[in-house]
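Read the structure below first, then the notes.
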Amino acid sequence: MKKSLHIKAIIDHPGFLEDIVEKLAYRHYENLSNRSATFNREFLETSSTETYVSGSMAIEDGSEEINMPFITRFLFTCIKVDKDVYSLEWGVSLS
């Protein structure tokens, strides 16, 4: 019989992390849209940041719960989707 395994992560400072990602999404760089693209391709404008995230992870198998603190680096990447708007497209742990 298969057991259910429940995993949850709790971020220590979610507001701080949200501020970092929002600042990333509203960064503005040189406008590349005026450059001519080779072979009829368009430029893709991106913005990325790396930050540390800490919290705790809980794993529960129905009878026991194990809590483990963590601190790890995450890479967040936004892609420009509109005139001045970037959309969060990717978040990945670097550990």
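Here the Karplus curve 6.51 cos²θ - 1.76 cosθ + 1.60, taken at θ = phi - 60°, turns the phi angles of region 87-95 into couplings of 10, 5, 10, 7, x, 9, 6, 9, 10 Hz, with x standing for Gly and Pro.
Here the Karplus relation 6.51 cos²θ - 1.76 cosθ + 1.60, evaluated at θ = phi - 60°, turns the backbone of region 64-79 into coupling constants of 9, 10, 10, 10, 10, x, 9, 9, 8, 8, 10, 10, 10, 10, 10, 10 Hz, with x for every Gly and Pro.
For Glu45, nonlocal amide neighbours, meaning residues 5 or more places apart or on other chains whose placed amide H falls under 5 Å from its own, are Lys80.
The numbers here are math on the coordinates, done by the rules we state, and not lab data. Treat the numbers as computed from the prediction; the structure is a model and nothing was measured.
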